[in-house]
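Inspection log for the structure reproduced underneath, given as structure tokens.
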Amino acid sequence: MQVLILSDIHANLEALEACLACAPAYDVVWNLGDIVGYGANPNEVVARVQPLGDFYVRGNHDRACSGTLDISNFNSQAARSVRWTEKHLKTENIEWLRQLPKGPLSPENGVSCVHGSPHDEDEYVVHPGQALEALARAAAPITFFGHTHIQGGFFLADSDFSTLLPDYESNSELETVDLALKEEGQYLINPGSIGQPRDGDWRAAFATFDTVERRVTYYRAPYDLKAAQKKILDAGLPERLALRLQQGK
Ligand code: ZN
């Protein structure tokens, strides 16, 4: 089975369209949440992802923008974008976001999907210590996660622990990096963020997973950055949300 794994789209329609345009043929989509928040096209992005499948785990921004998460600990730009998104989302889209399920969820034997970490949907798994804790609590040998907006992940077999970081050659072209999964050991795999990457690469990030060949392919797709930025500025959203897209931070 060929799986398309999408995460942290964050209402960036241009980035989502670029990813879907270059994604290979797939059987199912696993969506790891944060469909909305930050970007200027929440309704359009919801409408675009809905027909792609029915496997989702909810993200913190999906909850915040549909009024089911207290945003008092969000930074001011995130909070402003939540309020803007809540105001502009159609009622039926708010209802749809509200019913998205909490992770971890298992779409397939031996695989688990979460937004943050296996034990806390809002936790960021960035550092090795956090990854080891997450691996210790993981329900399956392979866990796909999002939330950090950093493409890559972690691998643990016995005492062999490593950080997975796809090594790209350019910063402007469409590129892919393959990861052949070993039979032994545990993986935490982050497809990266489509709509607001924070790993220093502005290109939209996603991944595919071939369940038979046990191969993950990381993608970086250039997209119409200027159009997405202009929409953010025209909408009156914080300028920083537009600027950070070109920095990938
Ligand atoms: Zn996110």
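The values are calculated or read from the model by the stated rules, or taken from the named source; none is laboratory data. Just so you know, these numbers come straight off a predicted model, no measurement behind them. Cβ atoms come from the backbone with ideal geometry, glycine included; neighbour counts cover every protein chain shown.
Couple of notes before you dig in:
- So Arg48, is it of a type outside the set (Ser, Thr, Tyr) and within 17 Å of the chain's Cα centre (by Cα): yes
- The set of residues in segment 104-129 being touching a residue at least 40 places away in the same chain (Cβ under 8 Å) and part of a loop (DSSP other than H, G, I, E, B) consists of Pro104, Val114, His115, Gly116, Glu121, Asp122, Val125.
- Selection status of Gly67, surrounded by fewer than 24 Cβ atoms within 10 Å (Cβ to Cβ) and on the phi > 0 side of the Ramachandran plot: yes
- Test for Ala227: is it within 20 Å of Val46 (Cα to Cα) and within 16 Å of the ligand (Cβ to nearest atom): no
- Residue within segment 206-218 that is outside any strand (DSSP E or B), of a type in the set (Val, Ile, Thr) and closer than 30 Å to Glu108 by Cα present: yes
- When Thr85, Thr91 are screened for being more than 16 Å from the ligand (Cβ to nearest atom), farther than 26 Å from Met1 by Cβ, modelled with pLDDT of 95 or more and among the polar types (S, T, N, Q), only Thr91 passes.
- Sole residue being more than 20 Å from Thr148 (Cα to Cα), of a type in the set (Gly, Ala, Ser) and surrounded by fewer than 16 Cβ atoms within 10 Å (Cβ to Cβ), chosen from Ala21, Ala40: Ala21
- Boolean, Asp8 is surrounded by 18 or more Cβ atoms within 10 Å (Cβ to Cβ), within 22 Å of Leu241 (Cα to Cα), touching a residue at least 40 places away in the same chain (Cβ under 8 Å) and within 13 Å of the ligand (Cβ to nearest atom): yes
- Subset tally (residues that are within 16 Å of the ligand (Cβ to nearest atom) and assigned to a helix (DSSP H, G or I)) for segment 14-48: 6
- For Phe55: the one exception among (1) surrounded by fewer than 18 Cβ atoms within 10 Å (Cβ to Cβ); (2) out of contact with any Pro (no Cβ under 7 Å at 6 or more places or on another chain): (2)
- Unique residue being surrounded by fewer than 24 Cβ atoms within 10 Å (Cβ to Cβ), touching a strand residue (DSSP E or B) at 6+ places or on another chain (Cβ under 8 Å), in contact (Cβ under 8 Å) with a residue 12 or more places away in the chain and in a loop (DSSP other than H, G, I, E, B) when the list is Tyr187, Tyr168: Tyr168
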